[in-house]
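Notes follow once the structure below has been shown.
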């Protein structure tokens, strides 16, 4: 199917923003890569900033549609199933066939935003993190009770998220070191099981203190 001008601009923008970051990238360079006139950026997106926002809104909406929180965690579940569901959601959002790690340009763009934050960090990414924090806090409170300081609960959320995210962000290094087998179909299952049992063990130790 022939790509329209808007699609060409979005794909070119993802590459240019991912390589150079929002501040260094120029509309002229994006248009040159897309093979379109600069006027088309103004027509479709109004500004470089809104073009950048459009990319992240599209990524966020796509991930939410393909891997919605409600598919993995709901209030009727036992706490063990909620925890495993949360971990599965992270792993699928990162490593699934339509996950963040399935597209190098998309992953590069998100990496760049994390290194050089813009308004996107506050308006989109941090809002997503707030949703994750709320769900994670509820799950870990079920395990550890209401008396544990919020900072300790937050560390469990960070631990689970980091264990799921790091293999994606460092995938090329880990593959090169033989720590991840490229294309291994069972990897998602292995990672979910490992993070779940690792976390449950830590929770049991915490409750035993």
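Each value in this text was obtained by applying a stated rule to the coordinates, not by laboratory testing. The structure displayed is predicted, hence computed values, not measured ones. FYI the Cβ positions are ideal-geometry reconstructions off the backbone, even for glycines, and counts take in every protein chain you see.
Yes or no: residue 57 over 25 Å from residue 107 (Cβ atoms) and in contact with a helix residue (DSSP H, G or I) (Cβ under 9 Å, 6 or more places away or on another chain)?
Against the criterion (over 25 Å from residue 107 (Cβ atoms) and in contact with a helix residue (DSSP H, G or I) (Cβ under 9 Å, 6 or more places away or on another chain)), residue 57 does not qualify.
Conditions tested, residue by residue: (1) free of Cβ contacts under 8 Å to residues at least 12 places away in the same chain; (2) crowded, with 20+ Cβ neighbours inside 10 Å; (3) closer than 30 Å to residue 9 by Cα.
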{"residue": "49", "(1), (2), (3)": "no, no, yes"}
{"residue": "86", "(1), (2), (3)": "no, yes, no"}
{"residue": "92", "(1), (2), (3)": "no, yes, yes"}
{"residue": "105", "(1), (2), (3)": "no, no, yes"}
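Where residues in the range 112-125 are in a helix (DSSP H, G or I) and without any contact (Cβ under 8 Å) to a residue 24 or more places away in the chain, which of them is surrounded by the most Cβ atoms within 10 Å (Cβ to Cβ)?
Looking at the filtered set, the residue picked out is 121.
How do the helices (runs of 4 or more DSSP H) wholly within the range 4-111 filter down when requiring 3 or more residues that are more than 20 Å from residue 124 (Cβ to Cβ) and more than 22 Å from the chain's Cα centre (by Cα): which remain?
Output list reads 5-24, 27-34, 38-45.
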